[in-house]
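Peer 1: Below you will find the structure I want to go over with you.
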């Protein structure tokens, strides 16, 4: 079986890397873009059509698949760049898949043009149902009350998808970030990624922004979103860890001890080889999960396995790369520092390895 990328996918990856490299040169940083969100980069991603890869041609997109979304995420990870790409494109994909025609025409063209940013304020796990915001009727109007934490780019976004409870069912609603009754509190994050706590106080909801009928539960759509976010994170982690390993290989080839490059020492070789194998394993399980999701198969086990590997290798590889770099690895002016911050955040995002290992055990026992 041929696992290599086709010509279109290679061209897409090269285009994304070119955009990132050009932006890095503008920022006078040959390795990484700044941790803060770059509106210039977002504009370039829109101008090259990258933001519309997974959206139907009827709305101006390229109508490609989730594979291409993950390839772009991996490229972004290789530069440790902070963007709302995953949140925006995966939510746009959900609107493209589940939304009404009116909702699609309202949201998707602006996303493709880079004029609209989307964010996800979804609770990650089913046992958090009771802590979800509540959607109720007041004076014949839908209002939202409650709190959602760790919402990336919430204040910078135009629309936020919020998971809430209504009549003991999960509902997903798009809410305008400028809507009255919303309070944003900025949070401190490991990587500097913009994240917020959102407090809803009688925030009025437009029923046109519901992903499905008010009477139907949205738990399957929520699972659809979470699974794709997790695999998007795994793809981003591939880029982060590969870049960390390349930096380490370059450094150990140039750093001499006892008149020899330390890369020639057996212990260093073994440690870097273990990192290479870890990345190869993460790639296999991530591609397996992507395949299952695209084929619309039951992918809960595959997604859990991928996130277990993601959490484990982010920890192991960041530790190994720091170890092999010595003191320079924690220098904030050296690129490895940013990769290590991202590795730590990705390790815990949308559930740690321990959480997903427990989840996988329950899935196996159930079957």
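The values are calculated or read from the model by the stated rules, or taken from the named source; none is laboratory data. The model shown is predicted, which means the values in this text are computed figures rather than measured ones. Cβ placement follows ideal geometry from the backbone for every residue including glycine, while neighbour counts extend to all protein chains displayed.
Peer 1: For the stretch 1-120, list the helices (runs of 4 or more DSSP H) that sit wholly inside it and hold at least 3 residues that are within 30 Å of residue 214 (Cα to Cα) and not assigned by TED's automatic domain parsing to the domain that holds residue 196; which are they? First the steps, then the outcome.
Peer 2: On the way: elements: 7-26, 39-47, 66-78, 85-98, 101-112.
By residue number, 85-98, 101-112.
Peer 1: Collect the residues in the stretch 195-208 that are buried (at least 20 other Cβ atoms within 10 Å of the Cβ) and touching a residue at least 60 places away in the same chain (Cβ under 8 Å), keeping them in residue-number order.
Peer 2: Matches in the stretch 195-208: 198, 200, 203, 205.
Peer 1: Could you tell me whether the stretch 267-280 includes any residue that is out of contact with any helix residue (DSSP H, G or I) (no Cβ under 9 Å at 6 or more places or on another chain) and not in a helix (DSSP H, G or I)? Reasoning before the result, please.
Peer 2: Kept after step one, since they are out of contact with any helix residue (DSSP H, G or I) (no Cβ under 9 Å at 6 or more places or on another chain), are these residues of the stretch 267-280: 267, 270, 273, 277, 280.
So of that shortlist, the ones also not in a helix (DSSP H, G or I) come out as none.
No, the stretch 267-280 contains no residue that is out of contact with any helix residue (DSSP H, G or I) (no Cβ under 9 Å at 6 or more places or on another chain) and not in a helix (DSSP H, G or I).
Peer 1: Determine whether the stretch 318-332 contains at least one residue that is surrounded by fewer than 20 Cβ atoms within 10 Å (Cβ to Cβ), within 18 Å of the chain's Cα centre (by Cα) and either part of a helix (DSSP H, G or I) or touching a residue at least 60 places away in the same chain (Cβ under 8 Å) (or both).
Peer 2: Among the residues of the stretch 318-332, not one is surrounded by fewer than 20 Cβ atoms within 10 Å (Cβ to Cβ), within 18 Å of the chain's Cα centre (by Cα) and either part of a helix (DSSP H, G or I) or touching a residue at least 60 places away in the same chain (Cβ under 8 Å) (or both), which makes the answer no.
Peer 1: Could I ask something else about it? What number of residues in the stretch 204-216 are outside any helix (DSSP H, G or I) and over 25 Å from the mean Cα position of the chain (by Cα)?
Peer 2: Applying the first criterion (outside any helix (DSSP H, G or I)) to the stretch 204-216 yields 204-206, 210-216.
With over 25 Å from the mean Cα position of the chain (by Cα) added as a condition, the list becomes 204-206, 213-216.
Qualifying residue count, the stretch 204-216: 7.
Peer 1: Report, ordered by the first and then the second residue, all pairs with beta carbons closer than 6 Å, sequence separation of six or more or different chains, a first member in the stretch 287-303 that is assigned by TED's automatic domain parsing to the domain that holds residue 231 and touching a residue at least 12 places away in the same chain (Cβ under 8 Å), and a second member that is assigned to a loop (DSSP other than H, G, I, E, B) and surrounded by fewer than 19 Cβ atoms within 10 Å (Cβ to Cβ).
Peer 2: 294/65
Peer 1: What number of residues within the stretch 167-188 satisfy the criterion of being in contact with a strand residue (DSSP E or B) (Cβ under 7 Å, 6 or more places away or on another chain) and closer than 14 Å to residue 119 by Cβ?
Peer 2: 11
Peer 1: Please give the strands (runs of 3 or more DSSP E) falling wholly within the stretch 159-203 in which 1 or more residues are under 17 Å from residue 141 (Cβ atoms) and touching a helix residue (DSSP H, G or I) at 6+ places or on another chain (Cβ under 8 Å). Outline the logic, then answer.
Peer 2: Working: elements: 159-166, 169-176, 182-187.
Once the strands (runs of 3 or more DSSP E) in the stretch 159-203 are filtered for at least 1 residues that are under 17 Å from residue 141 (Cβ atoms) and touching a helix residue (DSSP H, G or I) at 6+ places or on another chain (Cβ under 8 Å), what remains is 169-176.
Peer 1: Restrict the check to the stretch 107-118 and report whether at least one residue is in contact with a strand residue (DSSP E or B) (Cβ under 6 Å, 6 or more places away or on another chain) and farther than 22 Å from residue 240 by Cα.
Peer 2: yes
Peer 1: Determine if the stretch 237-248 includes at least one residue that is without any contact (Cβ under 8 Å) to a residue 12 or more places away in the chain and either assigned by TED's automatic domain parsing to the domain that holds residue 39 or within 30 Å of residue 132 (Cβ to Cβ) (or both). Walk me through how you get there before you give the answer.
Peer 2: In the first step, residues of the stretch 237-248 are kept if they are without any contact (Cβ under 8 Å) to a residue 12 or more places away in the chain; the result is 246.
When the remaining residues are screened for being either assigned by TED's automatic domain parsing to the domain that holds residue 39 or within 30 Å of residue 132 (Cβ to Cβ) (or both), the result is none.
No; the residues of the stretch 237-248 include none that is without any contact (Cβ under 8 Å) to a residue 12 or more places away in the chain and either assigned by TED's automatic domain parsing to the domain that holds residue 39 or within 30 Å of residue 132 (Cβ to Cβ) (or both).
Peer 1: Right, next: Could you please find all residues in the stretch 148-158 being part of a strand (DSSP E or B) and either out of contact with any helix residue (DSSP H, G or I) (no Cβ under 7 Å at 6 or more places or on another chain) or assigned by TED's automatic domain parsing to the domain that holds residue 100 (or both)?
Peer 2: Residues of the stretch 148-158 part of a strand (DSSP E or B): 148-152.
If the condition is that a residue be part of a strand (DSSP E or B) and either out of contact with any helix residue (DSSP H, G or I) (no Cβ under 7 Å at 6 or more places or on another chain) or assigned by TED's automatic domain parsing to the domain that holds residue 100 (or both), then 148, 149, 150, 151 are the ones that fit.
Peer 1: Shifting gears a bit: What do you reckon, is residue 297 closer than 30 Å to residue 219 by Cβ and either in a loop (DSSP other than H, G, I, E, B) or in contact with a strand residue (DSSP E or B) (Cβ under 8 Å, 6 or more places away or on another chain) (or both)?
Peer 2: Numbers: closer than 30 Å to residue 219 by Cβ: yes; either in a loop (DSSP other than H, G, I, E, B) or in contact with a strand residue (DSSP E or B) (Cβ under 8 Å, 6 or more places away or on another chain) (or both): yes.
Yes; evaluated as a whole, the condition is true for this residue.
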